[in-house]
Amino acid sequence: MTDELCLLCVHAHPDDESSKGASTVAKYHAEGVRSVLVCCTGGEEGEILNPAMNRPEILDHLPEVRAAELARAAAIIGYDELVMLGYRDSGMPGTEANERPESFCRASVEQATARLVAVVRRTKPQVMAIYPAHQSLYPHPDHIRAHEVGFAAFHAAGDPEAFPDAGPAWQPQKLYYMLWSKKRMFALAEKFTELGLELPWGEERLEMMADAPQEDITTEIDVAGFGHVRDDALRAHETQVDPKSPFWFGLPAEVAEELGHYDEYHLAENFTGSQPPEDDLFAGVRERASL
């Protein structure tokens, strides 16, 4: 049955696929579920955060370097297919990159949705995972646009009158939002404090998190045994991830183990009849497939 199951994830930039849901994809890949990664931009505006990679030959060829990093990370995670949606990184709010006509945030939502609908209809996922609607903690223009386009494509893909040139209609059955839950972030902060370690983010960010709206956690995926996949995939992005980063790798392994290994999601759309709380993105899908 798993040969018929497909998970499609929509991410904004190279490295996002490693920091969000990588262990979930690895787990389902190990079960035989086909997985498709859609990356909306090439990450051209990414800053080099690893001092060892801050070299002229890297800076001069950053788009090509990031493309190679993405390919390595996707292979580590276990994605069966990588699709580039074909837009340029928009950079952070208010930057010059925002004004470039080829940037993702300047793209026509209809055009970008049509591109994604074509991918959905061709690959036929039962489950799609995209960014949440509430993004006040990291309001990157490309993340906001990725949500808009992903949400629109989920609904349009099943409508035969929408984008008829994008292939025969296919309706995914479930849409999830990938979460960086406040609950988990506060648990991490508590562990750093408990060990006398400096927080890799400021107290102001913690205060902002406390007030920021966020979707409820409806689904927790137990990714025990696959936590290393996220770390290995992150390290594949050598320009973007410092291997000594306290944010990603600051807690001792045994302490991180105590926090548990769960990826968290919000079930946003559901045509299967399954009811939260869930521990499987394909809950309801498997039951329908077995009828």
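What follows is calculated from the coordinates using simple rules that are stated; it is not laboratory data. As the structure is a prediction and not an experimental result, all values here were calculated from the model. Heads up, the Cβs are rebuilt from the backbone with ideal geometry, glycines too, and the neighbour counts pull from every protein chain shown.
As a proxy for reagent exposure, PHE282, PHE186, PHE249, PHE151 were ordered by neighbouring Cβ count within 10 angstrom, fewest first; the result is PHE186, PHE249, PHE151, PHE282.
Between GLU99 and ASP60, the FRET efficiency estimated from the beta carbon spacing at R0 = 22 angstrom works out to 0.45. Using the rule -39500 (n - 2.57) for each DSSP H run of four or more residues, divided by the residues of the chain, the 222 nm mean residue ellipticity is -11000 deg cm²/dmol. Net length available on complete extension from GLU215 to TRP201 is 2.8 nm, with 0.36 nm assigned per residue and the Cα-Cα distance removed. Of the cross-linked pairs LYS124/LYS182; LYS27/LYS174; LYS183/LYS244, those separated by over 28 Å at the C-alpha level are LYS124/LYS182. Label separation (GLU257 vs ALA75): 3.0 nm, computed from points 7 Å beyond Cα along the C-beta direction. Between GLN111 and GLU194, full extension at 0.36 nm per residue minus the direct alpha carbon distance yields a gain of 25.0 nm. Measuring nothing but how far apart in sequence close Cα pairs (under 8 Å, 6+ apart) lie, relative to its length, region 1-56 scores a relative contact order of 47 percent.
In a fully extended conformation the segment linking ALA224 and MET208 would gain 2.8 nm over its present Cα-Cα distance, using 0.36 nm per residue. In the set (i) 19.7; (ii) 20.4; (iii) 23.4, which value of Kirkwood radius over Cα pairs in Å was calculated from the structure you see? So the calculated entry is the one marked (i). In terms of its C-alpha gyration tensor, region 176-260 comes out rounded, because the ratio a/c of the largest to the smallest axis stays below 1.5. With the highest mean first, a sort of the peptides 219-230, 197-208 on other beta-carbon atoms found within 10 angstrom per residue produces 219-230, 197-208.
Taking region 222-243 and a reference point 7 angstrom along Cα→Cβ of ASP279, the backbone N atoms nearer than 16 Å belong to 222-226. A simple spin-label model places pseudo-atoms 7 Å from Cα toward Cβ; at LEU49 and GLU4 they are separated by 4.1 nm. Note on ASP159/SER136: beta-carbon distance plugged into 1/(1 + (r/R0)^6) with R0 of 35 Å gives a FRET efficiency of 0.70. DSSP finds beta bridges in the chain, and of those with both partners inside it, around 35 percent are antiparallel.
Summarising the label geometry, the points placed 7 Å from Cα in the beta-carbon direction at ALA30 and ARG286 lie 1.5 nm from one another.
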